[in-house]
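Structure record follows, encoded as structure tokens.
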Amino acid sequence: MKKVILLSIGMFALGFDAYIIAGIIPGISDTYHKSASQVGQAVSVFTLFYAVSAPLFSSLLAGRPIKKVLLCSMLVFGVANGVTALASNFSIFLLSRAIAGVGAGLFSPLAIAGSTQLVPSEKKGRAIGLTIGGMSMGTVLGVPLGLYISNLFDWKLAIWFVVILSFIAALTIYKFLPEVPVSAPPTMKERLLMLLDKRVTITVLITFFASVASLGLYTYLAPLLQDLTSSSELTVYLWAWGVGGLFGSLSIGYLIDHFKKTKSLLTIILITLILSIICIPIMVNLPIVKYLPFFIWGAMGWAAQAPQQHILLSYHPKQGSTAVALNSSVNYLGSAVGATQGGLVLAMGMGTISLIYFAIISTGISLSLHFYSMRGMYRVRKSGRSLK
């Protein structure tokens, strides 16, 4: 598992960078004389190019040495962030965020798939959980630490911190990561069959709607809390969500390896996720327990990723990086759609509480699709055929 930690360092840098813009929007607005909504485009650009590059490059680079691709993608990511910090105008700033998204989209799925090649089969769940855990830890620290650095010094210093992290990750990969076994690249026919595989389609749709609910709602957590509670401790709620996410992503791998029944575990996660979202307006003003729904929401939202990756790898073990890339792409796409949906809801004057309702509906769709996928599993068992 020590080798997997090397990949987690890179994932930490990715998670830190993905959400750090949210904490330094005021500083960027002042530098380029742009509104907060215009600066917010940087998050959308990063997310969009991440979503597009993940499946595209995983197919184009299939069969290439994984260590070399990981190293190159982390260097691209680091250089792009350096350009972000040095950008003389807003156009260059946005372009650099797009390039950073490409580097992240290439590194993330390949790191997750590669981590499973570094451990025995009985520890694959833990390897995936630890790798994703690096990204969730970066997310937990990204917004508050970025905001803290920006307030003390300058927002560009926060970006330079990401640059340093990325080059540390690249150096450790170059020095200490062993050569990861490379499977033969899938043929075009095999790739198309994977994308047309009904099991894969349903699995990524489950990811999509769960992401629309969880990450989409998180985007508007601050205005939601301002309407639901008079408390000024907004940061505490954000930390509760983030620490929950860290707990969920780090612990889920052990649960996958221990219980083996990944789909049953995902059922529990999705049900708990929808219940935690329902409890937000109910418990938000209650002493002590008011932070609990946010902790559970964060834990379940992040924990849902590892089982999905594990399920896809079981469907197509020879095309692991391609399958994982597709799921990672859809996860970020769901986040972007959820954020857009939330913006439309607020623009229509439906109130922030409506964000809760839409998140519940989206999670419900995800859970329904999951139940549908399990029907097929039980049919296979009943017929006596082996289940992948």
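Take the Cβ atoms of K260 and Y174, set R0 to 30 Å, and the FRET efficiency comes out at 0.25.
Sorting the segments 212-225, 118-131, 148-161, 283-296 by their residues' average number of neighbouring beta-carbon atoms within 10 angstrom, most packed first, yields 212-225, 118-131, 148-161, 283-296. Derived from the Cα gyration tensor, the three semi-axes of the equivalent ellipsoid of the stretch 1-185 are 30, 17, 13 Å, largest first. Applying 0.36 nm per residue to the separation of L60 and L275 and subtracting their alpha-carbon distance, the gain on full extension is 73.3 nm. Couplings for the stretch 109-123, taken from phi via the Karplus curve 6.51 cos²θ - 1.76 cosθ + 1.60 with θ = phi - 60°, read x, 5, 5, 5, 5, x, 4, 6, 8, 9, 10, x, 4, 6, 10 Hz in order; Gly and Pro are left as x. Normalising by residue count, the chain has a Cα convex hull of 136 Å³ per residue. Helical runs assigned H by DSSP (4 residues or longer) give the chain a calculated mean residue ellipticity at 222 nm of -28500 deg cm²/dmol, each run adding -39500 (n - 2.57) before division by the residue total. Note on the stretch 1-185: Lys pairs 8 or more places apart or on different chains, Cα atoms under 18 Å apart, count 12. Each residue, L346 and L95, gets one label point 7 Å from its Cα in the Cβ direction; the gap between the two is 3.1 nm.
Put simply, when 47-54, 343-350, 263-270 are sorted by average Cβ atoms within 10 angstrom per residue, most first, you get 47-54, 263-270, 343-350. Rounded to the nearest 20 debye, the dipole size of the chain about its Cα centre is 1720 debye, using +1 on the Cβ of Lys and Arg and -1 on the Cβ of Asp and Glu. Of all lysines in the structure, those lying under 23 Å Cα to Cα from K198, and not within fewer than 8 positions of it along the same chain, are K189, K260, K261, K263, K318, K382, K388.
A Förster distance of 30 Å, applied to the separation of the beta-carbon atoms of I361 and T229, puts the FRET efficiency at 0.80.
Read-outs: derived from the displayed coordinates by stated rules, not from any lab. The structure presented is a predicted model; accordingly, all values stated were derived computationally and were not measured. Here the Cβ is made from the backbone with ideal geometry for all residues, glycine too, and neighbour counts use every protein chain on show.
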